[in-house]
Amino acid sequence: MLLNIGITLLTFILMECVTWLTHKYVMHGFMWYFHEDHHQPKYQGVFEKNDLFFAVFAIPSITLLYLGIEDGVLNYLFFIGLGIMLYGWSYFLVHDVIIHRRFNWFKTSKNRYISGLRKAHKVHHKELGKHGAKCFGMLFVPFKYFSV
């Protein structure tokens with residue numbers, strides 16, 4: 001039981017590293033075409049091309065959840081998939097709901113952590129082009145953004 005919780009939590013934490021690397025080298029690299037609209041000042045509709053990345057990260061999660069069930073017993077693959085899925089949910093809530101306010105939930109917050117995340121993300125979006133952006137993380141950003 002504790003091992004499974006540990007696998008899930010470790011996977012969740014490692015997903016922040018995967019996200020940082022993917023954001024910097026894939027989204028701001030060879031797949032910029034799909035991420036570019038996300039750096040524009042206004043959304044063009046309900047969905048952006050950038051939303052494709054949700055599917056990209058969902059595929060390994062769903063696959064691992066499926067492969068992690070053998071004869072009704074959950075193995076370590078299931079808990080890796082669960083960690084990826086939980087990170088995906090938190091990414092949606094933090095990035096799309098709290099930071100970009102794509103939905104009218106949690107409109108205002110005085111929480112220092114949320115304010116820090118929003119500041120770091122604004123610094124990232126200050127650069128509208130492919131190059132020169134900073135702050136590629138989502139949940140863990142430099143401490144300087146959390147100062148009052």
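Since every read-out is calculated from the coordinates, none of them should be taken as a lab result. Note that the structure is a prediction, hence the values are computed from the model and not measured. In this analysis, Cβ positions are derived from the backbone assuming ideal geometry, glycine residues included, and neighbour counts consider all displayed protein chains.
Once you have a ≥ b ≥ c as the square roots of the Cα gyration tensor eigenvalues for the stretch 1-51, tell me rounded if a/c is under 1.5, and otherwise prolate or oblate according to whether a/b is larger than b/c.
Prolate, since a/c reaches 1.5 and a/b exceeds b/c.
I'd like the orientation of helix 52-67 relative to the chain: the angle between its Cα long axis and the longest Cα principal axis, in ° from 0 to 90, rounded to 10.
The angle comes out near 10 degrees.
When you take every Cα atom in the chain, what is the radius of gyration, and what is Dmax, the widest Cα pair distance, in Å?
16.6, 53
For Gln40 paired with Lys126, estimate the spin-label separation in nm (one decimal), with each label point 7 Å from Cα along the Cα-to-Cβ line.
2.4
How tilted is helix 2-21 with respect to the longest principal axis of the chain? Cα atoms for both, answer in degrees (0 to 90, nearest 10).
That helix lies at roughly 30 degrees to the long axis.
Under 18 Å between alpha carbons, and skipping anything fewer than 8 positions from Lys49 in its own chain: which lysines qualify?
Straight-distance partners of Lys49: Lys24, Lys130.
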